[in-house]
1. Which residue pairs have Cβ atoms under 7 Å apart, sit 6 or more places apart or on different chains, and have a first residue in segment 74-85 that is in a helix (DSSP H, G or I) and a second that is among the hydroxyl-bearing types (Ser, Thr, Tyr)?
2. Among Arg82, Arg25, Arg112, which is at pLDDT below 95 and either of a type outside the set (S, T, N, Q) or under 28 Å from Ala156 (Cβ atoms) (or both)?
3. Looking at segment 191-202, is at least one residue under 23 Å from Thr316 (Cβ atoms), in a strand (DSSP E or B) and acidic (Asp, Glu)?
4. For segment 122-134, state whether one or more residues are modelled with pLDDT under 95 and either over 19 Å from Arg383 (Cβ atoms) or basic (Lys, Arg) (or both).
5. Pick out the one residue from Glu148, Glu141 that is acidic (Asp, Glu), within 28 Å of Pro347 (Cβ to Cβ) and either open to solvent by 50 Å² or more (accessible area, probe 1.4 Å) or modelled with pLDDT under 95 (or both).
6. Can you name every residue in segment 354-402 that is open to solvent by 60 Å² or more (accessible area, probe 1.4 Å) and modelled with pLDDT of 85 or more?
7. Name the pairs whose Cβ atoms lie under 7 Å apart, with the first residue in segment 52-72 and farther than 22 Å from Pro253 by Cα, the second open to solvent by less than 80 Å² (accessible area, probe 1.4 Å), and 6 or more positions between them or separate chains?
8. Tell me, which residue of segment 224-239 that is open to solvent by less than 10 Å² (accessible area, probe 1.4 Å) and out of contact with any strand residue (DSSP E or B) (no Cβ under 6 Å at 6 or more places or on another chain) is farthest from Val50 (Cα to Cα)?
Amino acid sequence: MTLFSDRPDPSARPIQDPKDAGPRRSPHTLAIHAAGPGRGEGAPVVPPIVQSATFHGGDPEDRDELRYTRYGNNPNQLLVGRKVAALEGAEDGLLLASGMAAISLTLLALVRSGDHLVASDRLYGATRTFMERELPRRGVEVTFVDAEHPRGWRKALRPETRGIYLEVPTNPTLRIFDPRATSRLALERGIPLIMDATFATPINFRPLDHGVDVVIHSATKYLGGHSDLIAGVVSGPGALIDEVRGLHRLYGPAPDPHMAWLLDRGLRTLPVRMARHNETAAALAEWFDDQPGVDAVLYPRHPSHPDRALAEELFTGGGGMLGVVLSAGEKGAVEFCRALELAAVAPSLGGVETLVSLPAWTSHRAMTSDQRIRQGIEPGFVRISVGLEGFEDLVGDFSRGLSAARAFGG
């Protein structure tokens with residue numbers, strides 16, 4: 001299957017809303033209006049929930065596609081997929097029931113037994129587990145490359161390589177690896193470059209503008225934004241999205257129409273929420289930097305971040321994710337979390353409320369301690385998803401946590 005041999009150079013890709021022949025529209029506008037239903041007297045301003053499993057049709061003379069919610073073509077499902085595609089500047093988009101459904105079906109659409117993938121070694125834990133355990137069961141080999149050393153990508157490629165996979169920013173260390181050189185390599189080989197850009201959102205970073213072919217989001221996070229739904233979206237070339245859509249119909253990870261409606265509602269406020277996430281997280285990174293008992297602050301716009309220059313060049317904001325490494329180590333990090341009264345300890349991110357987690361015991365639990373340390377996840381690492389609360393209130397809460405950690409650490 002060759003989908004990308006005749007791709008145009010990434011720099012020549014149109015960046016406007018694919019359904020809009022005019023100038024590129026603001027993400028604030030797209031988040032509200034893209035893919036919306038037609039207008040007319042008496043039409044609802046907000047698209048209704050089409051809570052139906054099945055639809056009239058199936059006659060041999062019917063011209064339209066058979067509509068069935070398991071197929072992912074319920075009106076609510078279609079609207080969200082197309083809206084995210086518009087935000088990304090992609091040809092098409094597909095809504096699925098979770099971020100891992102989007103990741104796994106996208107990869108399965110690309111590979112067959114005997115094929116090969118190349119992936120960054122800095123990945124969300126479940127993504128890596130899928131690549132290490134599930135794909136080999138299907139006869140697919142994955143080579144992991146240290147993304148800090150770009151020359152490793154070319155060395156890892158084989159004739160049977162069918163794709164390159166990146167995560168930017170990485171979970172949880174927030175590393176940012178430049179996709180442009182990797183994109184040129186993928187273009188040269190006629191294979192797609194796939195990126196999980198969940199932490200960035202299309203508000204802070206549009207990967208397709210920088211040579212990426214396929215973008216995946218766990219919409220559970222920022223796109224939904226309220227910690228009340230599970231979803232995933234994949235956006236990219238129509239040919240590949242059609243391949244994923246075929247697997248979606250077979251495997252059945254169909255999102256419920258009400259969930260799709262909630263996700264559309266979340267998308268409408270995504271730009272304004274991200275502006276607040278960016279602002280508060282940047283201020284907290286600066287505040288943590290001055291606190292005793294903090295060994296390191298990880299934030300893309302922080303002066304000590306190894307990828308700060310790249311973040312400022314490619315991203316419109318630093319994002320709402322923040323990492324801190326506490327001097328008191330793992331037990332001190334546990335005490336830090338236990339002392340919090342406002343921020344909640346929970347294994348997710350991207351909501352309006354501030355959440356904290358210990359990656360060693362959540363997202364990267366399957367790794368050994370040595371593997372985690374090699375990826376920058378030190379024993380005292382705390383991941384913070386900065387919400388929309390008042391900055392001073394969060395400072396008070398984190399001051400309480402740091403006091404508990406310092407007391408424990410002596």
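1. Val84/Ser235; Ala85/Ser235
2. One residue alone meets the criteria, Arg25.
3. yes
4. Yes, segment 122-134 has at least one match.
5. Glu148
6. Within segment 354-402, Pro379, Phe391, Glu392, Asp393, Arg400 qualify.
7. From segment 52-72, the pairs are Asp64/Gly57.
8. Gly225
The values are calculated or read from the model by the stated rules, or taken from the named source; none is laboratory data. On a predicted model such as this, the values are computed, not experimentally measured, just so you know. Every residue, glycine as well, gets a Cβ built from its backbone with ideal geometry; the counts of neighbours run over all protein chains shown. Protein only, heavy atoms only, side chains kept; ligands, DNA and RNA dropped before computing areas. Shrake-Rupley method; radii C 1.70, N 1.55, O 1.52, S 1.80 Å.
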